[in-house]
């Protein structure tokens, strides 16, 4: 059985979003995702690697229904607990082998997941498989060039979970994995991992200094131009 790096983290996983910097980062990243999803069909959506459902819950009101796929029993249990009463269905499953037939969903969301899976190319291929032709696949990633991922690598060096087995990507690496370029890209979070309020000023300082953004999100169209 594969090691679950999130098992011990599940009960306190969302406490990060309750900190000032965590709340700011969350708002910036969700705004980037919403810009990509604006105008898209959102009737039945799959979130692959939904974790505790933080992003799932944030987007639930925009969707007819979200199917949240999560392999970690501990994370999934926390997600079920937190999403009671919402239009979210939880499914046990790995992104590399989704338990759905082809073309079931109008869109698929993969946010900060490829960093932690054994076969990111397979996860992307499965996302395209289960989305109908002309539907969308949105991927959010922790950019390999940023000061945030430099910090995560330091955490990995000392064996801290979940970073110990993580890998990080650039847009160029994701294009190679997906087999095509996305049709739209958004970036967020130029403030550094030790930024303090006011965060508007921290964001502007990061941009002016030429810091790479910490978070990227891109939208692909299913069935178009992929190898």
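The values are calculated or read from the model by the stated rules, or taken from the named source; none is laboratory data. All of these numbers come straight from a predicted model, not from anything done at the bench. Positions of Cβ are generated from backbone atoms using ideal geometry, with glycine treated the same way; all protein chains shown enter the neighbour counts.
Look at (1) in contact (Cβ under 8 Å) with a residue 24 or more places away in the chain; (2) more than 30 Å from residue 204 (Cβ to Cβ) and you find that residue 12 fails only one, number (1). When the stretch 67-90 is limited to residues that are in a strand (DSSP E or B) and out of contact with any helix residue (DSSP H, G or I) (no Cβ under 8 Å at 6 or more places or on another chain), the one that is surrounded by the fewest Cβ atoms within 10 Å (Cβ to Cβ) turns out to be 89. Checked against the criterion of being part of a helix (DSSP H, G or I) and exposed (fewer than 14 other Cβ atoms within 10 Å of the Cβ), the stretch 181-203 contains one or more residues that satisfy it. Go through (1) in contact with a strand residue (DSSP E or B) (Cβ under 8 Å, 6 or more places away or on another chain); (2) buried (at least 18 other Cβ atoms within 10 Å of the Cβ); (3) without any contact (Cβ under 8 Å) to a residue 24 or more places away in the chain and name the single condition residue 163 misses. Result: residue 163 fails condition (1) only. For the stretch 204-227, the set of residues classified as crowded, with 19+ Cβ neighbours inside 10 Å and part of a loop (DSSP other than H, G, I, E, B) consists of 213, 214, 222, listed by residue number. Residues satisfying the criterion are absent from the stretch 118-129 (criterion: surrounded by fewer than 21 Cβ atoms within 10 Å (Cβ to Cβ) and under 19 Å from residue 214 (Cα atoms)). Among the criteria (1) in contact with a helix residue (DSSP H, G or I) (Cβ under 8 Å, 6 or more places away or on another chain); (2) farther than 26 Å from residue 221 by Cβ; (3) modelled with pLDDT of 95 or more, the one residue 164 does not fulfil is (3). The residues on offer are 101, 153, and the sole one that is in contact with a helix residue (DSSP H, G or I) (Cβ under 8 Å, 6 or more places away or on another chain), modelled with pLDDT of 95 or more and outside any loop (DSSP other than H, G, I, E, B) is 153.
Residues of the stretch 5-54 that are surrounded by 13 or more Cβ atoms within 10 Å (Cβ to Cβ), in a loop (DSSP other than H, G, I, E, B) and out of contact with any helix residue (DSSP H, G or I) (no Cβ under 7 Å at 6 or more places or on another chain): 9, 40, 41, 42, 49.
Counting only residues that are at positive phi and touching a residue at least 60 places away in the same chain (Cβ under 8 Å), how many does the stretch 113-160 have? Selection size over the stretch 113-160: 1.
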